[in-house]
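Novice: Let me begin by handing over the structure; questions about it come next.
The values are calculated or read from the model by the stated rules, or taken from the named source; none is laboratory data. A quick note: this is a predicted structure, and the numbers were derived from the prediction, not measured. With ideal geometry, Cβ positions are generated from the backbone for all residues, glycine too; neighbour counts draw on all protein chains shown.
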Amino acid sequence: MNSYIQETIQRVSKRNPNEPEFLQAVTEVLGSIAPVIERHRKYQDHAILERITEPERQIIFRIPWVDDQGKVQVNRGFSIQFSSAIGPFKGGLRFHPTVCASILKFLAFEQIFKNSLTTLPMGGGKGGSDFDPKGKSDGEVMRFCQSFMSELYRYVGPNTYVPAGDIGVGKREIGFFFGQYKKLANEFSGVLTGKGLEWGGSLIRPEATGYGCVYFAKEMLSTRDMDFKGMTCLVSGSGNVAQYTVEKLNEFGAKVLTLSDSSGFIYDKEGIDAEKLAWVMEIKNEKRGRISEYLTKYPNAEFHAGKRPWSVPAQCAFPSATQNEIDAEDAKTLLKNGCILVSEGANMPSNLEAIQLFLDAKILFGPSKAANAGGVATSGLEMSQNSMRLSWTAEEVNARLHHIMQMIHSNAYNNSIEYGQKGNYLMGANIAGFVKVADSMIDQGVV
């Protein structure tokens, strides 16, 4: 590895101890952009790596709220505003007990390059809290969200930082955020994305990450003169990303065998068709239930408690649940079972060892910052619609999304060729995203 990159990783490790997810993301990105760092001395001369690995600002704050029993609860909130070199900070808010500085910094760092790839003017940021919305009443979630936004509103705005949803933050939470922001800031603006259609949201936003992940995978397959017709696919997770990944895969003629949640996974050898997907959506979106309930209506399926779906033989895998859900052993099992494509719907779902195995095997590997960029791309389209005070049709938004995913694939693929590793989308995507941001930082001076 390039000595400048090694020194930077060591410096980041020393400055950010006990932050393994963040260090993993930094190591993955910097390791893959070595060819462009070696070819262009200007990035070292301008200390780009030292600057791009340090957030512009990090805000940590207390969130007091009252539960339904009248008891005061306290959570911790974060806003990691990493890079505004090409546009306002943009990235989701996550509510989950595991949320900490390391996880949000890794997500915000990845967001820099993902947003750069979309071709839209958006910087990288992320936020959230260790609050767990599971089992909470609507009233409790509302009071928490209002307390959260009472602090966050100082650091967001349509031209400053535009948050969206993530794990644990959906339309309900975005609505509570928006209402509180509107009251405190005394303005109706596009300060959040993922809004309701009636008050500034965009069509196709819920579907965007899943659809985009499949669009990217379809482009990868086309480089080998293949398509999805008849392909068997594994999908993990059962939230928005997973649901709409399944929908689009079905549309393209693939057969989806699995879905999962934190309790385990279902395996339906007959395939999860549109009717079965509708049942999953009812379980997860309306009942807020567990994926095992799938078997109450489709008893021929299997439920594997406490396990992930990567042991099921299939040609394609779409990890769409959470970070580091595919480790080296999972990767070996996938490859042994004939997997030829992995397209990451979640953020950093494969660890470094798994990624290396995929690259060594030369399968089609779509890294998350490229493959799952459809969500933030459509958030960017929502920002554009808000700025222009208009709404596009579903067909228009979907067409723009499809075009953006094709452009992301083209940029990543062309960069992999230019730097001598044809088909290495990890390297190609990281270089494409990095160069745009790094050149903007040089143009704007030392800030």
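Novice: With respect to I431, is the statement that it is buried (at least 24 other Cβ atoms within 10 Å of the Cβ) and within 30 Å of K195 (Cβ to Cβ) true?
Specialist: Considered against the rule, which asks whether it is buried (at least 24 other Cβ atoms within 10 Å of the Cβ) and within 30 Å of K195 (Cβ to Cβ), I431 comes out as no.
Novice: Another question, then. Residue check: is E198 charged (D, E, K, R) and over 28 Å from M407 (Cβ atoms)?
Specialist: yes
Novice: Right, another one. Spot the failing condition for G87; the list is (1) buried (at least 19 other Cβ atoms within 10 Å of the Cβ); (2) more than 23 Å from G157 (Cβ to Cβ), and only one is missed.
Specialist: (2)
Novice: Would you please name the residue that is surrounded by the most Cβ atoms within 10 Å (Cβ to Cβ), looking only at residues in segment 148-184 that are small (G, A, S) and part of a helix (DSSP H, G or I)?
Specialist: G175
Novice: Return yes when N351 is within 15 Å of G212 (Cα to Cα), in contact with an Asp or Glu (Cβ under 9 Å, 6 or more places away or on another chain), buried (at least 17 other Cβ atoms within 10 Å of the Cβ) and not hydroxyl-bearing (S, T, Y) and no when it is not.
Specialist: So N351 does not fit the description; no.
Novice: Which residue is surrounded by the most Cβ atoms within 10 Å (Cβ to Cβ), if the candidates are limited to segment 229-254 and must be over 24 Å from G289 (Cβ atoms) and touching a strand residue (DSSP E or B) at 6+ places or on another chain (Cβ under 8 Å)?
Specialist: The extreme case among them is A254.
Novice: Further question: Taking segment 93-120, which residues are in a loop (DSSP other than H, G, I, E, B) and surrounded by 24 or more Cβ atoms within 10 Å (Cβ to Cβ)?
Specialist: Of everything in segment 93-120, those that are in a loop (DSSP other than H, G, I, E, B) and surrounded by 24 or more Cβ atoms within 10 Å (Cβ to Cβ) turn out to be V99, T118.
Novice: Now a separate question. Collect the residues in segment 134-156 that are of a type outside the set (K, R) and modelled with pLDDT under 95, keeping them in residue-number order.
Specialist: Selection gives G135 alone.
Novice: On the given criteria, is S32 of a type in the set (G, A, S), farther than 30 Å from R154 by Cβ and crowded, with 19+ Cβ neighbours inside 10 Å?
Specialist: Considered against the rule, which asks whether it is of a type in the set (G, A, S), farther than 30 Å from R154 by Cβ and crowded, with 19+ Cβ neighbours inside 10 Å, S32 comes out as yes.
Novice: Select, from S387, S416, S379, the only residue that is in contact (Cβ under 8 Å) with a residue 12 or more places away in the chain, assigned to a helix (DSSP H, G or I), of a type in the set (S, T, N, Q) and in contact with a Gly (Cβ under 6 Å, 6 or more places away or on another chain).
Specialist: After ruling out the rest, the residue left standing is S416.
Novice: Can you list residue pairs whose Cβ atoms sit under 7 Å apart, with the first residue in segment 130-152 being within 21 Å of I60 (Cβ to Cβ) and the second being basic (K, R) and not in a loop (DSSP other than H, G, I, E, B)? Count only pairs 6 or more apart in sequence or on different chains.
Specialist: D130/R76
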